[in-house]
Amino acid sequence: MRILALLLFFSLQAYAQDTTQHIIAGRSNALKQQEKPYVILISADGFRSDFSHKYEAKFLQSKEKSGVKASYMQASYPTLTFPNHYSIATGLYPAHHGLVDNTYLDVNSGQEYRMSNKKMVGEGKWYGGTPLWVLAEKQQMMAASFYWVASEANIQDTYPSYYYVYNEAIDIKTRIAQVKNWLSLPADKRPHLITFYFPEVDHDAHEFGPEDPRVQHSVQFVDQVIADLEAAVAPLGLPINFVFVSDHGMKEVDNVNTISKPAPLNTTAFQVPWGDALLHVYAKDSTKIDSTYQELKKDTRFTTFRLDETPAHWHYRKTDDRYNRLGDLLLVPKLPQVFNLSTRKTSKGKHGFDPLLPEMRASFQAWGPAIKSGLTLEGFENVNVYPFVAKILGLSYDPKSIDGKLQVLQKALR
């Protein structure tokens, strides 16, 4: 009876996930867009810059000879999943596009955004900037998404023409087949931009730590799927360019001697959303900020910042805070310690720390007919992927509206 109950529970959980393809009716590619190249933008969450060689990702290694590879890609601060996927998609730093953390307070509305809240994730009001799929659709170039942060949200009254709400119930063979189906559509209905996302490396590196052999298995899984995806679409004979990225790296931390919420942060005066690599402290009573700041500075387990004190390369100061979403104070743990605001033991692998740390470095590779062969690039910031992809697709944008610069990756283009 217990086994039957468990089976029923898990089947209901799977059933509750939205696994349907969402199609926006009435869309088509403009005639001038039908001759443009194609880009499949692939992200492997947590795929640190050294993982392809450290864990023998043979296919990705082989593509270094026929494409370009960066020694690393620098993530944006904080080096977390939601902010960085959206920085790659918009060419903006997190404080400039508004998705400043995985969890944060929108001071103007008083609402607390959480990446675990599916309803919030699907609301366009949280996302500033113009993500690549919106840029494409507004220029009558169709886009598709098999997952990407914010791709299931109505941003500027626009969704990708074809998209899936994020879930982990759809098997990988079905996902590959769907990409091939999209690219097999007639020219007027065929998406030229496709996003594709893998969670596996991040899951395993969190749970077991980035040095665990099980991370090698997940890295090689991603590697094989990308090889299978390329093989599946190759017979179509289309000018498809592959851009492989990750959002951040991963670091092993002390998950035993963690830091609980500091005593001065009482709930009557402050709101502190969940965090482990960073805590935002929002004052309910602004008269308490200065005295609490002085108290927090005495605790040497973490660094306490006012918003005019954060490192310049974070782009995370009050002057950057376009949506009024950064905390009045920011607390950053001194590694290897991290915060733990719950009663449960936290994971062994973490990210979210200073992007200059080697362990936070992300990956970048690209190959295809628009891309040079055998070129190694120096490290660069992830906001520069946006103009690179837009250039391949022949999409126009206002260079002043983004933080990324085309000249950073111009040398990688044929």
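Does Phe305 meet the test of being buried (at least 18 other Cβ atoms within 10 Å of the Cβ) and out of contact with any Gly (no Cβ under 7 Å at 6 or more places or on another chain)?
Values: buried (at least 18 other Cβ atoms within 10 Å of the Cβ): yes; out of contact with any Gly (no Cβ under 7 Å at 6 or more places or on another chain): yes.
Judged against the criteria, Phe305 is a match.
Can you name the condition, by its number, that Lys173 falls short on among (1) assigned to a helix (DSSP H, G or I); (2) farther than 29 Å from His351 by Cβ; (3) touching a strand residue (DSSP E or B) at 6+ places or on another chain (Cβ under 6 Å)?
With (1) assigned to a helix (DSSP H, G or I); (2) farther than 29 Å from His351 by Cβ; (3) touching a strand residue (DSSP E or B) at 6+ places or on another chain (Cβ under 6 Å) applied to Lys173, the lone miss is (3).
Considering the stretch 356-383 alone, what residues qualify as being buried (at least 23 other Cβ atoms within 10 Å of the Cβ) and either of a type in the set (Phe, Trp, Tyr) or within 29 Å of Leu330 (Cβ to Cβ) (or both)?
If the condition is that a residue be buried (at least 23 other Cβ atoms within 10 Å of the Cβ) and either of a type in the set (Phe, Trp, Tyr) or within 29 Å of Leu330 (Cβ to Cβ) (or both), then Met360, Arg361, Ala362, Ser363, Phe364, Trp367, Asn382, Val383 are the ones that fit.
Here are some residues: Glu112, Glu152. Which one is surrounded by fewer than 24 Cβ atoms within 10 Å (Cβ to Cβ), outside the structural domain of Leu307 (by TED's automatic domain parsing) and more than 20 Å from Leu279 (Cα to Cα)?
None of the other options fit; the residue is Glu152.
Does Ile240 qualify as being in contact (Cβ under 8 Å) with a residue 24 or more places away in the chain, closer than 18 Å to Lys58 by Cβ, outside the structural domain of Asp321 (by TED's automatic domain parsing) and under 26 Å from the mean Cα position of the chain (by Cα)?
no
Condition check ((1) buried (at least 22 other Cβ atoms within 10 Å of the Cβ); (2) hydroxyl-bearing (Ser, Thr, Tyr)) across all residues:
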| site | (1), (2) |
| --- | --- |
| Val215 | yes, no |
| Val219 | yes, no |
| Gln224 | no, no |
| Asp254 | no, no |
| Thr258 | no, yes |
| Val281 | yes, no |
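Could you list all residues from the stretch 160-202 that are without any contact (Cβ under 8 Å) to a residue 60 or more places away in the chain and within 16 Å of the chain's Cα centre (by Cα)?
Answer for the stretch 160-202, where residues must be without any contact (Cβ under 8 Å) to a residue 60 or more places away in the chain and within 16 Å of the chain's Cα centre (by Cα): just Tyr166.
Inside the stretch 226-260, can you point out the residues that are assigned to a strand (DSSP E or B), of a type outside the set (Lys, Arg) and farther than 25 Å from Leu413 by Cβ?
Glu252, Ile259
May I ask you to verify whether Asp45 is in contact (Cβ under 8 Å) with a residue 60 or more places away in the chain and farther than 25 Å from Pro191 by Cα? Quick ask: steps written out before the conclusion?
On the way: in contact (Cβ under 8 Å) with a residue 60 or more places away in the chain: yes; farther than 25 Å from Pro191 by Cα: no.
In short, no.
Give the stretch 255-268 a look and list any residue that's of a type in the set (A, V, I, L, M, F, W, C) and either in the same structural domain as Lys288 (by TED's automatic domain parsing) or closer than 16 Å to Val332 by Cβ (or both), or say none.
Ile259, Leu265
Got at least one residue in the stretch 197-217 being assigned to a strand (DSSP E or B) and at pLDDT 95 or above?
yes
Scan the stretch 392-414 residue by residue and report those that are surrounded by 15 or more Cβ atoms within 10 Å (Cβ to Cβ) and either assigned to a helix (DSSP H, G or I) or without any contact (Cβ under 8 Å) to a residue 60 or more places away in the chain (or both).
Listed by number, the residues that qualify are Ile392, Leu393, Lys405, Leu406, Val408, Leu409, Ala412, Leu413.
Inspect the stretch 159-174 for any residue being surrounded by fewer than 22 Cβ atoms within 10 Å (Cβ to Cβ), β-branched (Val, Ile, Thr) and within 23 Å of Tyr397 (Cα to Cα) and give the result as yes or no.
no
Kindly establish whether Val338 is under 30 Å from Glu295 (Cβ atoms), surrounded by 23 or more Cβ atoms within 10 Å (Cβ to Cβ) and not acidic (Asp, Glu).
Taking the combined requirement at face value, the residue satisfies it.
Restricting the first residue to the stretch 248-263 and requiring it to be farther than 29 Å from Tyr72 by Cβ, which pairs with a second residue that is assigned to a loop (DSSP other than H, G, I, E, B) and charged (D, E, K, R) meet a Cβ separation below 8 Å and a spacing of at least six or different chains?
Val256/Lys345; Pro262/Asp299
Could you please find all residues in the stretch 347-371 being closer than 17 Å to Ser87 by Cβ and charged (D, E, K, R)?
Correct list: Asp354, Arg361.
Does the stretch 178-198 contain any residue that is out of contact with any strand residue (DSSP E or B) (no Cβ under 9 Å at 6 or more places or on another chain), hydroxyl-bearing (Ser, Thr, Tyr) and surrounded by fewer than 16 Cβ atoms within 10 Å (Cβ to Cβ)?
For the stretch 178-198, residues out of contact with any strand residue (DSSP E or B) (no Cβ under 9 Å at 6 or more places or on another chain), hydroxyl-bearing (Ser, Thr, Tyr) and surrounded by fewer than 16 Cβ atoms within 10 Å (Cβ to Cβ): present.
The values are calculated or read from the model by the stated rules, or taken from the named source; none is laboratory data. A quick note: this is a predicted structure, and the numbers were derived from the prediction, not measured. FYI the Cβ positions are ideal-geometry reconstructions off the backbone, even for glycines, and counts take in every protein chain you see.
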